[in-house]
Amino acid sequence: MSKADSTLIYSQVVERYAHFFARPEERLRFLTHTLTLQAASRARFDEFVGRHPSLLRRKFYARNYERLLDLWLYRLIIRELGRLLPASARTRLALLRQHKAPLAARLYFGFYQARHAFHAAFVLCVMAALFGVYTATAWSARNASAYLSKRFEKRVLASDGVPSSNAALAHPVNHLPDYRPEKVWLVEQKDTYERYSNGGRILTDFETENHARAFVALPRDGGGGGDSPALKVSAEVQSAPVGIVYHTSESDMLPFTHDNSDSLEARTRGLLEYVRRHKSYNYVIDRFGQIHRIVRDDHAAHHAGNSVWADSRSLYVGLNESFIGVCFESSMTVESGEERLSEAQIVSGRVLTQILRSRHGIDDAHCVAHGLVSVNPANMLIAYHHDWARNFPFEAMGLSDKYKVAPASVSLFGFTYDDDVVEKLGGALWSGVKAGEDEFNERASRANLTADELRQRMRTRFREQMNLTHRLRGTRPRDSDMSRRDNAAETPAGSRL
């Protein structure tokens, strides 16, 4: 069909719809305006086809070219009718049927009238799709996390042999880089230092000897179903350290500034000489992050005194013999807002922890702060020494949080606390104490005893087990001057210089 013929046909169609208007001037306005719009639309359509001639070579476009133009004309007619006629949409649709408008035109009119509803439905569909994608992503992430956590927990339980009774120990913290014992080894050893594969450098110019370790691991469950850990021990005497206790030196602290460099070094040297003289710790980490070995690993230092700790299977009392003492040159009495550890000390503490755990096969469950293990048997109170009874950075050391673990002093032996202890700890106890109290009260109930009656029994039992530790040490040929060393062992660790 030629352009002139199609224009004539379009004019006849528009003129037919112009009869909707009663007044002649309205018909003329409708006719003129609609044909003008149609001519402009056809010109744009032809221009588009001219820029894309390949469209006409396709059968669909070639066959339906005129039909597309017809639909476009009816679109213009319907739009103008909607703009000029005051009648309702239902009346306009009835007029379209009366004048036998094509079905496509009537459908288009229906879509045109409902266009806002379609827009709203489209927006809702997009929002629903986005929400579905978000929900599916979140669900996948949660399930993936749960799957990986379960697999990791199974590996932990398989390596330990039995599940831990302390939930905090079953979920090690996430930290980078990952700790693996095989990644840490001795690289270089000189007269005054040792260098390790994880970057650790241990200075040995203050190294000394004390006495060889000797201890037994007591059964946590009592060995026979009794109400307390059994004193009767069949296990062999051990000499390899099984854990680490972290301390503070409680030294007078100078501001950690450039101007105090010389004074800081002088005070560190004084601390190291004091620790070597009293054999107080196995290691000291000074404020510049340097790691100093004082008492050899295979010898006990006088760092823990009366103390107790346990894992899910074994109980240890008198941790001098079984645990390595690591002291940070710091104080628990620093003013609020001041740093308790320098960044270098935190890095070195992590490095030393990795070295010791790799060398001796130390489990995470046995890496604990001094304030959590120290006790006073005279009055059955916990936290006799309170260094790191709060705020120890377990996670920065690559360890699980022992503040959540019920301490054996409370859960097994019934040690308690008074107002002075709470005040000394800053007004609040660590969270594991409450769990330990609940466990001890349950044990007393099972034994048909009051908590005080069971506590009295356990007080005697603790002293017997401490004496057992001293007797084992007394059998070692190195311990020629036992009385002096026993007195030294009761000296409060972390005495102020």
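The values are calculated or read from the model by the stated rules, or taken from the named source; none is laboratory data. This one's a predicted model, so the numbers in the text were calculated from it and none came from an experiment. With ideal geometry, Cβ positions are generated from the backbone for all residues, glycine too; neighbour counts draw on all protein chains shown. All accessible areas refer to the heavy atoms of the entire protein, side chains included, with ligands and DNA or RNA removed. Shrake-Rupley method; radii C 1.70, N 1.55, O 1.52, S 1.80 Å.
Below, the figures for the structure above:
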quantity	calculated
Distance in nm between pseudo-label sites at ARG79 and PHE118 (7 Å out along the Cβ direction from Cα)	1.4 nm
Pairwise FRET efficiency - ARG277 versus ARG457, Cβ, R0 = 35 Å, nearest 0.05	0.30
Surface share of carbon and sulfur [accessible, 1.4 angstrom probe, percent] for region 263-324	40 percent
Shape of region 332-401, Cα gyration tensor, a/c cut at 1.5	oblate
Contour minus Cα-Cα distance for CYS125 and LYS404 (0.36 nm per residue)	95.7 nm
5 angstrom amide H check on ALA389, placed H, neighbours 5+ away	GLY371
Between region 34-49 and region 179-212, the Cα center-to-center distance that results, in Å	88 Å
Cα→Cβ-extended label distance, 7 Å offset, between ALA266 and SER239, nm	4.3 nm
